[in-house]
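Written below as C-alpha cells is the structure these notes are about.
The values are calculated or read from the model by the stated rules, or taken from the named source; none is laboratory data. Keep in mind that this is a model prediction, so the values were computed, not measured. Here the Cβ is made from the backbone with ideal geometry for all residues, glycine too, and neighbour counts use every protein chain on show. Only protein heavy atoms, including side chains, enter the accessible area calculation; ligands, DNA and RNA are left aside. Shrake-Rupley method; radii C 1.70, N 1.55, O 1.52, S 1.80 Å.
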Amino acid sequence: MAPSAPRTRATAALRMKQIALDNQDRTIRRLRAQLATERRGLAATKKELEDTQVALEASHKVIAGLTEIGLSMSKRIERMKVRNQKVRSNHVECHHKFQARIHEAEDSMQAQHLLIEALVDEKDSLLQTIHGLKEANNAPAPFDGDWEEEPEEEEIEDIPLCEGEIDGE
C-alpha cells in the first residue's frame, strides 16, 4: 500500500490541479464573455453618446435659430408699438386741430350771425329814420313795413382732412 499511496496522492494532487485549471479556464472564459458583453455594451453606449451629442448640437442650433427669430420678432413688435404710438399721437393731434377748426368756424358763424343781426337792426333803424323823414316831408312811405328778407345760402367751408381720417363722401 505504501507504493500506491504516493501515486494516489500524486494523482489526486494532479486531479486537483486539473480541476483548479478547469475552474480557472471556465472563469477565464466566463470573464472573457463578460468582457465581450461589456465591450459590446460600451460600443452601444458610445454610439448612443455620439447620437446624443449630434442631437444636442442640432438642439443648440434650433435654440439659436429660435432665439434669433424671437429677437427679430421682439424688434418688430417694438417698431410696431412705436408706429402705433405715432399713429395715435397723430390722430389725437389731428383731432385737436379739427376740433379747433370746428370751434373757429362756429365762432366765425356766430360772429357773422351777430353782425347780420346788427346790420338788420341798423337797417330797421335807417328805414324808420327814412320813414320818419318822409312823413315829416309828407312824402309817401317807400316801404309798407313788410320787409322780405332773401334767404341767405350758407357756405360751408371745406375743412381739409388730416392724415388718417376717413372722408365720409
Where K81 falls short, out of the listed (1) under 49 Å from the mean Cα position of the chain (by Cα); (2) at pLDDT below 95; (3) surrounded by 10 or more Cβ atoms within 10 Å (Cβ to Cβ)
(2)
Those residues of region 117-140 that are surrounded by 12 or more Cβ atoms within 10 Å (Cβ to Cβ) and β-branched (V, I, T) come to a total of 2
Every residue in region 97-120 that is of a type in the set (A, V, I, L, M) and under 40 Å from the mean Cα position of the chain (by Cα), please.
A100, I102
Between residues in region 11-24 that are open to solvent by 100 Å² or more (accessible area, probe 1.4 Å) and residues that are of a type in the set (G, A, S), which pairs lie under 7 Å by C-beta distance while being six or more apart or on different chains?
none
Among Q110, Q99, which is open to solvent by less than 80 Å² (accessible area, probe 1.4 Å) and without any contact (Cβ under 8 Å) to a residue 12 or more places away in the chain?
Q99
Can you tell me which of L35, L56, L31, L66 is open to solvent by 100 Å² or more (accessible area, probe 1.4 Å), at negative phi and assigned to a helix (DSSP H, G or I)?
L66
